[in-house]
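Read through the structure below, which is laid out as structure tokens, and then see the notes.
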Amino acid sequence: MNNRVADTTSKYCRENKPEELALLLAKHSENQIFVQTTAMGGTQAYLGSVTLEWFALQVRFASCLPLLQPKYNRATDNIEIDADTIEEIQQRPLDWSRQLPLVQYLAAWKNHKFPPVLVVVNQPWVDNPQAPEWDREGRATKPTINFTPLDRGGEVGLLNFAAEVTIYALDGQHRLMGVQGLMELIETHQLQRYRKDKTPDGSLMTVSDLIAHYQVDATYLESLPKEKIGIEFICAVEKGETREEARRRVRSIFVHVNLMAAPLTKGQLAQLNEDDGFSIVARKIATTHPLLEQRSDRQSRVNWNSATVATKSTVLTTLQALKEMAQRYLGQKFLHWKPLGKGLISMRPEDKELEVGILKFQKLFDCLATLPSYRVLEENETPLLRRFSFEKDGGEGNILFRPVGQVAVAQGLGILVFKKGFSLVDIFKKLRKFDLEGGFSGMEYPRSLWYGVLYDPNKKRVQVAGRDLAAKLLIYILGGIQEPMERAELRKAVADARTVEKTIGFDGKFTEPKAVGLPPIL
């Protein structure tokens, strides 16, 4: 209980007999919740706590709000996006692939913690224009929340919920999904794993799995439904509001709590993970760094939904690539940001540590923005720089405009900076010269360092499998590989990569694998 509630309750006890308060609270039923009133931005709210069991049973997804029913998909618990709903739905859709990891987190981590959720309380009369609760001017004669104050100032009291009342999660839909999954697991001893769109992927998690792999105690698991989560209630309709005014207010809060929870842009972040530090850092850089941020005078430079970049696309990268860049760059420093075990979700880093990670990733992008290849972006669109020379209209075949190349560069630089102690400033002095000399371009030509590594000369396309080798090559040319044995292994790997039926040297001629050397160090 916070200080304000404690002070108010203490005042109530001074004015009334403490035993009377205790008796009153003991008598309140499951349909009554002890709350403290709050007010912010003109919205009255009521802050309390409920058991996980109550939360799972009584609260529904925001997409079920009657306001959105015509476009509600019961199979996925999402709203179908079209011209009619796009202005009303400004919140990321439910990602059902997150349910099982969230259940694992609740069940397997003893120090699990969900932040409070924000819910809206609705009543049937809200959607009935002829209901007596609306006056002649179409304004509500009472709010949708029934609050009984316990003190003279009305700062603490009881919320009373009748059977017909419905409650919807505005902020915390994935927490609701996780808690509902936990209740299902406890009741049925198993939980279906879903894909994002709530189609089963054919696998299950069972209580036996949790006990065997995570040493979860069965008694402890049975106690989880009685744990409590913070919850804040607001009215679907306040007294004196019209239905349209109420709809605008609730929709505005719906959008704002999600904007404040994560730095969203106009696109929906399908890959959003609120617990993964690398995702948080990537999302921040994608929306704020000058190289990537959304601007009215240019095309979007980030593909928010797909993992790949289409040939004609004007984007520079994808959100998934940015996340992988963060993983492979910052992951060299923040090893504990990675999941502690297979099947477990990442633990969200402390805010101060996240700030450090964001700053370090931002410095990387500050340096990347100084490369000649990226400095010409204002005059040239990305397709020209990305396309191979033999494709229609030709191009530069630059690895810096391919997600796989971007990730390889980040991985190599992360090892140099955080494991080998190299200066980022010194590194980019060399890389700018390397770039000016065409070092990142023309990957389809044998003279390129990336030929056979990131470019498959047989299939004439980029190959993801060469990412780790590309990172090692970058480390090598920047002076990060000194051991003779390690160099010999790298030379052999490069020769193997440049061999299809015959080995192709850097001069474009067939040669023996042993004759393929390594490029000079920058």
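Apart from one condition, Thr85 fits all of (1) in contact with a helix residue (DSSP H, G or I) (Cβ under 6 Å, 6 or more places away or on another chain); (2) modelled with pLDDT of 90 or more; (3) of a type in the set (Val, Ile, Thr); the exception is (2). Screening Ser252 with (1) within 25 Å of the chain's Cα centre (by Cα); (2) in a strand (DSSP E or B) gives one miss only, at (2). For the criterion of being surrounded by fewer than 14 Cβ atoms within 10 Å (Cβ to Cβ), hydrophobic (A, V, I, L, M, F, W, C) and closer than 26 Å to Glu245 by Cα, Ala140 fails.
Is it the case, given these coordinates, that Ser203 is more than 30 Å from Arg243 (Cβ to Cβ), surrounded by fewer than 21 Cβ atoms within 10 Å (Cβ to Cβ), touching a strand residue (DSSP E or B) at 6+ places or on another chain (Cβ under 9 Å) and without any contact (Cβ under 8 Å) to a residue 40 or more places away in the chain? The answer is yes for Ser203.
Figure legend. Inter-residue proximity from the stretch 187-200: first residues farther than 24 Å from Pro225 by Cβ, second residues part of a loop (DSSP other than H, G, I, E, B) and polar (S, T, N, Q), beta-carbon distance below 8 Å, spacing 6+ or different chains. Indicated pairs: Asp197/Thr76.
Total residues in the stretch 179-215 satisfying the condition of being in a helix (DSSP H, G or I) and of a type outside the set (D, E, K, R): the figure is 15. For the criterion of being hydrophobic (A, V, I, L, M, F, W, C), in the same structural domain as Val117 (by TED's automatic domain parsing) and in contact with a Cys (Cβ under 8 Å, 6 or more places away or on another chain), Ile145 passes. If the condition is being closer than 17 Å to Val302 by Cβ, outside any helix (DSSP H, G or I) and not small (Gly, Ala, Ser), then the stretch 357-416 contributes Glu381, Arg402. Would you please name the residue that is surrounded by the most Cβ atoms within 10 Å (Cβ to Cβ), looking only at residues in the stretch 499-518 that are touching a helix residue (DSSP H, G or I) at 6+ places or on another chain (Cβ under 7 Å) and assigned to a loop (DSSP other than H, G, I, E, B)? Only one residue tops the list, namely Val516. Considering each residue of the stretch 111-129, count those that are part of a strand (DSSP E or B) and either touching a Lys or Arg at 6+ places or on another chain (Cβ under 8 Å) or of a type outside the set (A, V, I, L, M, F, W, C) (or both), and give that number. Total meeting the criteria: 2. For the stretch 413-423, residues that are closer than 12 Å to Leu364 by Cα and under 28 Å from the mean Cα position of the chain (by Cα) total 3. In this structure, is Arg498 over 32 Å from the mean Cα position of the chain (by Cα) and charged (D, E, K, R)? Yes; evaluated as a whole, the condition is true for this residue.
Conditions tested, residue by residue: (1) closer than 30 Å to Lys142 by Cβ; (2) at pLDDT 90 or above; (3) not assigned by TED's automatic domain parsing to the domain that holds Lys113.
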residue	(1), (2), (3)
Leu170	yes, no, no
Glu187	no, yes, no
Leu191	no, yes, no
Arg195	no, no, no
Val216	no, no, no
Tyr220	no, yes, no
His256	yes, no, no
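Counting only residues that are loosely packed, with under 15 Cβ neighbours inside 10 Å and either not in a helix (DSSP H, G or I) or not charged (D, E, K, R) (or both), the stretch 425-456 holds 4 of them. For the stretch 49-78, filtered to residues that are outside any helix (DSSP H, G or I) and in contact with a Phe, Trp or Tyr (Cβ under 6 Å, 6 or more places away or on another chain), the residue that is modelled with the lowest pLDDT is Asp77. Residue-level analysis places Leu176 among those that are assigned to a helix (DSSP H, G or I), under 22 Å from Ile234 (Cα atoms) and hydrophobic (A, V, I, L, M, F, W, C). The condition (being surrounded by fewer than 20 Cβ atoms within 10 Å (Cβ to Cβ) and either of a type in the set (Asp, Glu) or at pLDDT 80 or above (or both)) is satisfied by just one residue among Thr318, Thr288, Thr265: Thr288. Taken together, the residues in the stretch 181-191 that are buried (at least 21 other Cβ atoms within 10 Å of the Cβ) and more than 10 Å from Val207 (Cα to Cα) amount to 2.
The values are calculated or read from the model by the stated rules, or taken from the named source; none is laboratory data. All of these numbers come straight from a predicted model, not from anything done at the bench. FYI the Cβ positions are ideal-geometry reconstructions off the backbone, even for glycines, and counts take in every protein chain you see.
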